[in-house]
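Note sheet for the following structure.
The values are calculated or read from the model by the stated rules, or taken from the named source; none is laboratory data. Remember, it's a predicted structure, so these values are computed and weren't measured experimentally. Note that each Cβ is placed from the backbone with ideal geometry, even for glycine, and that neighbours are counted across all protein chains shown.
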Amino acid sequence: MNAAMIISRKEPEMTNKIINIGLLGFGAAGRVFHAPIVSSVEGLRLNKIKANRPESIAFARQLYPEAAVVSDTASILEDNQIDLVIVATTNDTHYTLAKAALLAGKHVIVEKPFTVTSVEAGELIELARSKGKLLTVYQNRRWDSDFKTVKKLLENEMLGRLVEYEVHFDRFRPIPAAETWKEEELPGSGILYDLGAHLIDQALVLFGTPQQVYADLRTQRSGGRIIDNFDLTLFYANGLKAILKAGMLVKQPGPRFNLCGDKGSFVKYGLDVQEAALKAGLSPVGPDWGVEPEAIWGKLDTEINGQHLIGKIKSERGDYRGFYENVRDAVLGIAELEVKPEQARITIRVIELAMQSSKEKKVVTYH
């Protein structure tokens, strides 16, 4: 069975309003995942970029000549023309910089993870509410082709009653990278805050807040100083078990998604193609952007209305522009914000409970 699941892109309402954006940080997050997407969305203008390293400054000036490249945060926060600030800095600075941007009267997008603690997340949410400003977290993986496909399958109850949901985000990086903050023992470092923030967010979108959490967190690489492997299980009232796993020593990855229901199963290999395309310097434009090759389409084996159906399911088209289009429309007051900060706070709380569970070696109740 081949099922084409087509995305209809929402065109923005006609408006002369341009949202000027200041980007704090031009490392991997700012350079690969934010600047190219912002620059490709109508109604957004990348106005200023904060970069400190000589190579980052050179890249920013080369790739975005119309944006001013600055070396200090104040140049962005004190600029009355800047409407929205993107915090794409080290995880341990997210809270401080997002708070400063909100106090400066800016709308704020924070790169995931939202904050290091759920208390910090709650404080930012209250501050944004008091200032009447938009606050959200860059959970771009909601716009991955594979996740959108899984979401559509579950909405259409293609597997019957789901009993087990398993997702992996595996890599093979046996030697910790040198000279990167991601490998340092800083607050918010490690694979659980990094890749785990995405997998937890996706599970929350699909199933809501779990009742219980169990986790096994490990440092597996020789010379590693941070958590580089996690096995996290979320338990739900209806008997559903969501298993989220990631590791840095997986040379031959298994299925990306493996879903089991009382009517059938869905198995999907391969990663969404957008990250590789962005790292290759491609722009998110054109009809082929985010389209997965047939070789990594998922396989569905299920029963619907007494008919046994088995075959490939054409993947939904992935498109990270959807996040920024929604933010634009939410700022303009013509759409509801999709990635709500309250959801991002729950993600951080799940991470805290996962760390507690692993330390105590027991299942803990969400609270």
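Computed quantities for the displayed model
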read-out	value
Breaking point among (1) assigned to a loop (DSSP other than H, G, I, E, B); (2) at pLDDT 95 or above; (3) touching a Leu at 6+ places or on another chain (Cβ under 8 Å), for Tyr95	(1)
Residue selected from region 195-240 under the condition under 19 Å from the mean Cα position of the chain (by Cα) and among the acidic types (Asp, Glu), by the criterion nearest to Thr115 (Cα to Cα)	Asp201
Residue pairs meeting the criteria (Cβ under 8 Å; at least 6 apart or on separate chains; first more than 17 Å from Arg256 (Cβ to Cβ), in region 187-205; second among the small types (Gly, Ala, Ser) and in a helix (DSSP H, G or I))	Leu192/Ala354
Residues of region 319-341 satisfying the condition of being among the acidic types (Asp, Glu) and closer than 16 Å to Val38 by Cα	Asp319, Glu325, Asp329
Condition met for Pro176 (without any contact (Cβ under 8 Å) to a residue 60 or more places away in the chain, in a loop (DSSP other than H, G, I, E, B) and either under 27 Å from Asp92 (Cα atoms) or touching a helix residue (DSSP H, G or I) at 6+ places or on another chain (Cβ under 7 Å) (or both))	yes
Qualifying position, being at pLDDT 95 or above, surrounded by fewer than 16 Cβ atoms within 10 Å (Cβ to Cβ) and either in the same structural domain as His94 (by TED's automatic domain parsing) or not aromatic (Phe, Trp, Tyr) (or both), among Glu316, Glu338, Glu342	Glu342
Residue check, Asn326 closer than 21 Å to Asp201 by Cα and without any contact (Cβ under 8 Å) to a residue 40 or more places away in the chain	yes
Selected residue (only one of Lys131, Lys152 is surrounded by fewer than 21 Cβ atoms within 10 Å (Cβ to Cβ), closer than 28 Å to Ile21 by Cβ and either basic (Lys, Arg) or not assigned by TED's automatic domain parsing to the domain that holds Thr89 (or both))	Lys131
Positions within region 267-302 being farther than 23 Å from Asp228 by Cα, in contact with a helix residue (DSSP H, G or I) (Cβ under 6 Å, 6 or more places away or on another chain), of a type outside the set (Lys, Arg) and modelled with pLDDT of 95 or more, in sequence order	Leu278, Gly290, Glu292
Residue selected from region 248-298 under the condition under 16 Å from Phe147 (Cβ atoms), of a type in the set (Phe, Trp, Tyr) and part of a loop (DSSP other than H, G, I, E, B), by the criterion farthest from the chain's Cα centre (by Cα)	Trp297
